[in-house]
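Only one structure is covered here, and it is reproduced in the block below.
What follows is calculated from the coordinates using simple rules that are stated; it is not laboratory data. Quick caveat, the model's predicted, so the values are computed rather than measured. In this analysis, Cβ positions are derived from the backbone assuming ideal geometry, glycine residues included, and neighbour counts consider all displayed protein chains.
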Amino acid sequence: MNFLKNLFKNPGRSLVIGVPFVWLSFAFLVPFLIVLRISFTDLDSNGGNPFGTLMTVADGVLTLKVKIANYLFIAEDELYALTYLNSIKFAAITAALCLIIGYPFAYFMARAKPTLRPVLLMMVMMPFWTSFLLRIYAWKGILANNGILNSFLIDIGVITEPLHLMNTQFSLVIGMVYAYLPFMILPLYANLVKMDLRFLEAAADLGATPWQTFWRITVPLSKSGIIAGTMLVFIPAVGEYVIPELLGGPETLMIGRQLWDEFFTNNDWPLASSVTVVVILLILVPMAIFNKYQAEQGGRK
C-alpha cells in the first residue's frame, strides 16, 4: 500500500525511474530465462533444435523433464573449474592494474583547471571512436615478433633477438588493461571532481603531510568511485572473448572462449547454456552479498 501511495503521489518521478528499471529488467531477465531453459533440456535429435524439449503432453499427462546432467558435468570436469579460475584471475589482475594506472589519471583530471577538464575527458573517451576490434588488432602489430616494440628494442640495442610477447599471459593482460582502462578512469573522475577540497585544507592545517592527506582523506572519500570502476572492469573482463582469442595463447583459456567452443564448435547449446548460468551466478552472488553489506553499513551510519 505504501508503494502505491508513493507511486501516485509522485507519478513523474516514478515514471522516470520505473521505465528504465522495467526495460533493464526485461532485457536481462528474458534472455537469462531463455538460456536457463535451454540448460535444462536435451538437444532435439531430429532437427537439432537448441531449445530442446522441456515439457511434453501425452495421454492427458503433462511431463516436465529437467536435465541437470550438464551442471553435474561442469562440477566434475576440472577443465571448467580451471577456466572459471583463470577468468576470475585475469579479470582481477586487469581490475587491479586499471586501478593503479587509472587513479593517477583521474586524480590529475579532477585537479586540472576547469577549462582543461573537457579536453582531458575527451582524450580518455577518444579510443571509443575507433572500432574495438581494430584497437585490439593494433596490439598484434605492436607485440608481434617482428612488431613495433621488438623492432624498437633491437634498434636501440636493448635486445638482440625478438621477445616472444604475443599469445602469452602478458599480451592478454596488456590488451585487457588497455581496453578497460577508460571504464576505471571515468567513474573515478566523476567521484574525485565532486570532492570537497575543504577537507584537504583542514587536514593540511592540522599538520598532515600530502601523502597522509591522500591516504586518509582522498582515498576513503573516493571509495564509491573505486568500487564502481572495479565492478565496471571486472564484470565484463570475466566473460571477455575477443581479447583472449586475438592476443591470448593456449595457457590463457578463459570462459568466453570456452563458451564459444561449446556453442558454435561443439554445437552443444544445453551445456553452453549451463556454463553461462554458472558464470552469471558466480558474478551476481558476490555482488548481492556486497550490496547487502553496503546497505547494512549505511544503515549503521
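Within straight cross-link reach of Lys113, meaning Cα distance under 19 Å, which aspartates and glutamates are found once same-chain residues fewer than 8 apart are removed? List returned: Asp196, Glu201. Computed 3J(HN,Hα) for segment 136-142, one whole-Hz value per residue from the Karplus formula 6.51 cos²θ - 1.76 cosθ + 1.60 where θ = phi - 60°, is 6, 4, 4, 5, 5, x, 7, glycine and proline marked x. Projecting label points 7 angstrom from Cα along Cα→Cβ for Val19 and Val242 puts them 3.0 nm apart.
The modelled label-to-label distance between Asp196 and Leu36, using points 7 Å beyond Cα along the C-beta direction, is 4.4 nm.
For the peptides 269-279, 195-205, 236-246, the ranking by packing is 269-279, 236-246, 195-205, with the highest mean count of neighbouring Cβ atoms within 10 Å listed first. Of all aspartates and glutamates in the structure, those lying under 15 Å Cα to Cα from Lys89, and not within fewer than 8 positions of it along the same chain, are Glu240, Glu251. Highest mean packing first, where packing is the average number of other Cβ atoms within 10 Å per residue, the peptides 214-221, 82-89, 102-109 line up as 102-109, 82-89, 214-221. With N as its number of residues, segment 77-267 has a Cα radius of gyration that, divided by 2.2 N^0.38 Å, comes to 1.23.
For segment 130-149, list residues with backbone N below 14 Å from a point placed 7 Å from the Cα of Ile101 toward its Cβ? Answer for segment 130-149: 136, 139-140, 143. Residue separation of Arg117 and Val61 scaled by 0.36 nm, minus their Cα-Cα distance, works out to 13.4 nm of gained length. Between Phe73 and Ala27, the contour length at 0.36 nm per residue exceeds the Cα-Cα span by 13.6 nm. The string of couplings for segment 102-116 from the Karplus curve (6.51, -1.76, 1.60, θ = phi - 60°) is x, 4, x, 4, 5, 5, 5, 4, 5, 9, 6, 4, x, 6, 8 Hz, one whole number per residue in order, with x for Gly and Pro. In this structure, the amide hydrogen of Lys67, modeled 1.01 Å from its nitrogen in the peptide plane, lies closer than 5 angstrom to those of Thr41, counting only residues at least 5 positions away or on a different chain.
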